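Bear in mind that the values in this text are calculations on the coordinates, not laboratory data. This structure is a prediction, so every number in the text was calculated from the model and none was measured. Positions of Cβ are generated from backbone atoms using ideal geometry, with glycine treated the same way; all protein chains shown enter the neighbour counts.
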Amino acid sequence: MREAYAGGGPGMFASALAWLAAGLVAVRVSPERAVLALLAGGMLIYPVGVLLTKALGYRGQHTHGNPLGTLALETTVWLVLSMPIAYVVSLYRVDLFFPAMLLVIGGRYATFATMYGARVFWVCGGVLVAAAYTLASLRAAPATGAFAGAAIEAAFAVWIVATHRGSRDTATPPVRAR
C-alpha cells in the first residue's frame, strides 16, 4: 500500500483540496453550501488522489489480494456511514459540521497507520481531533473549520510524500504509469 500510493500522501492532499473548496464555498456562497461542497468533494478524493499518485510516478493501485486493500474499503464504508451524522448535526448547528467531519476523518486516519505502516497518521489524526475540539469550543465559523482541515491535511500530505520519497531505496524506482 505504501509503495502503490506514495505513502498515502497524495490521497491526503486530494482530501485537503476538498476541504479547501468547502472553505471557499463557505466564504463566497454560504456555510450550508460548504457542507455540500465537502460531501461532494469527498467523493472525488480517491480518483484525484490516484491521479496525483500516478503523476508522482507510483502505481496508484495496490496488489490484487492485499488484505490492506480490504481494510481501506472497510474504512471507506465506515466513513460514508458516519457522514450523515455530521450532516444532521449541520442542520441544527452548521458551525459544528466541520469539527464533526474532522473527528470522523481523524478517527479514520488511525487505520491508515496500519494500512501504510506509518505512525504519522496517528499524529495527523490527533491534530485533526484537537482542531475539532478547539474549533467547536470556540464556535468557529464554518469557513475556519474547513480551512483548518485543508491546512492540516496539506501539511501532513507534504510531510508524508517528502518522508516517503526520502526513505525510498534509490535502486528501485517507482513504477511509471502508462
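Here are a few things to note about the model shown:
- Calculated Rg/Rh (Cα atoms, Kirkwood Rh) (choose from (i) 0.99; (ii) 0.96; (iii) 1.04), label: (i)
- Highest mean packing comes first when the peptides 90-102, 116-128 are listed by Cβ atoms within 10 Å, giving 90-102, 116-128.
- Highest average first, the peptides 134-146, 10-22, 59-71 ordered by how many other beta carbon atoms sit within 10 Å of their residues are 10-22, 134-146, 59-71.
- To the nearest ten degrees, helix 31-42 and the longest principal axis of the Cα atoms of the chain are 20 degrees apart.
- Each peptide in 74-81, 108-115 receives the mean, over its residues, of other Cβ atoms within 10 Å, and ordering these scores from highest gives 108-115, 74-81.
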